[in-house]
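The values are calculated or read from the model by the stated rules, or taken from the named source; none is laboratory data. In this text, all values refer to a predicted model and were calculated from it rather than measured experimentally. A quick note on method: Cβ atoms are made from the backbone with ideal geometry, for glycine too, and the neighbour counts reach across all protein chains shown.
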């Protein structure tokens with residue numbers, strides 16, 4: 001089981017800023033051969049979809065490919081949130097794993 | 001006699017050097033199918049927008065026809081990235097009714113890195129860290145109800161981000 005996503009959400013005026021640090025290898029499965037050409041060596045393992053919700057209202061969905069960096073760090077901003085609201089971050093990866101984490105807006 | 005010994009030493013030395021190369025992985029021991037286009041997605045991942053290799057293909061896969069260069073997209077990316085595996089990018093769209101923000105690079109194995117769907121009430125802003133295979137133009141693609149718009153920046157990579 002992957003480590004939990006670290007979530008920090010802060011209110012700034014009428015905007016809530018959410019920063020998320022997910023724990024994921026984001027493996028492309030690629031290696032370079034002797035000629036310097038990229039080759040697929042192992043099965044890629046990466047996050048395919050990310051959903052961020054505030055009190056059950058989806059504030060962003062993301063479709064991701066293998067080119068997102070290891071341990072993805074994502075920042076987004078939305079309106080209509082307040083201190084104490086529940087932020088839920090869910091991801092699904094190419095290996096069928098999923099993880100959901102929650103945090104309150106600080 | 002002397003020359004025979006020399007020949008033998010040459011052969012032995014050459015052979016061990018070759019064995020060393022194979023052992024250290026410098027010479028691939030497995031033959032790969034020669035594909036001009038690398039399919040770098042996981043099995044079962046058939047999302048067509050991720051199979052695009054150019055920005056034009058990507059716009060079409062996302063349902064558009066053509067993207068226009070726009071000055072209303074604030075796209076922040078470093079001029080020089082020391083490590084292509086971690087390139088921080090930030091996109092702020094100042095275009096009205098932004099529905100989608102996509103980050104892409106045509107010279108990566110898959111052009112599209114990430115696409116974000118922005119519902120009403122969410123700021124058209126996103127910040128993420130991406131991988132770059134080589135020095136490349138990185139594109140921020142924005143979809144509004146008026147069509148597709150883009151901004152791009154050249155990022156110089158001193159160390160590639162996939163296949164270390």
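Quick notes
- Being within 13 Å of another protein chain (Cβ to nearest Cβ) and either surrounded by fewer than 14 Cβ atoms within 10 Å (Cβ to Cβ) or on the phi < 0 side of the Ramachandran plot (or both) is a property that holds for residue B:113.
- Residues of region A:22-48 that are surrounded by fewer than 15 Cβ atoms within 10 Å (Cβ to Cβ) and either touching a helix residue (DSSP H, G or I) at 6+ places or on another chain (Cβ under 9 Å) or within 10 Å of chain B (Cβ to nearest Cβ) (or both): A:34, A:35, A:36, A:37, A:43.
- Checked against the criterion of being under 15 Å from residue A:65 (Cα atoms), assigned by TED's automatic domain parsing to the domain that holds residue B:127 and at pLDDT 95 or above, the candidates B:104, B:111 yield just one match: B:104.
- Just one of the listed residues (B:133, B:111, B:85, B:140) is in contact (Cβ under 8 Å) with a residue 24 or more places away in the chain and touching a helix residue (DSSP H, G or I) at 6+ places or on another chain (Cβ under 9 Å), and it is B:111.
- From the options B:92, B:68, residue that is free of Cβ contacts under 8 Å to residues at least 40 places away in the same chain, more than 9 Å from chain A (Cβ to nearest Cβ) and either surrounded by fewer than 21 Cβ atoms within 10 Å (Cβ to Cβ) or part of a loop (DSSP other than H, G, I, E, B) (or both): B:92
- Within this structure, residue A:9 passes the test of being more than 7 Å from chain B (Cβ to nearest Cβ) and either within 14 Å of the chain's Cα centre (by Cα) or in contact (Cβ under 8 Å) with a residue 40 or more places away in the chain (or both).
- Hits in region A:20-55 - residues which are free of Cβ contacts under 8 Å to residues at least 12 places away in the same chain and more than 20 Å from residue A:95 (Cβ to Cβ): A:32, A:33, A:34, A:35, A:36, A:37, A:38, A:39
- Scan of region B:116-134 for residues that are under 21 Å from the mean Cα position of the chain (by Cα) and at the interface with another protein chain (Cβ under 9 Å from one of its Cβ atoms), ordered by number: B:116, B:117, B:126, B:127, B:128, B:129, B:130, B:131, B:132, B:133
- Hey, residue B:148 touching a strand residue (DSSP E or B) at 6+ places or on another chain (Cβ under 6 Å) and within 11 Å of chain A (Cβ to nearest Cβ) or not: no
- Some residue of region A:93-104 being closer than 24 Å to residue B:105 by Cα and more than 7 Å from chain B (Cβ to nearest Cβ): yes
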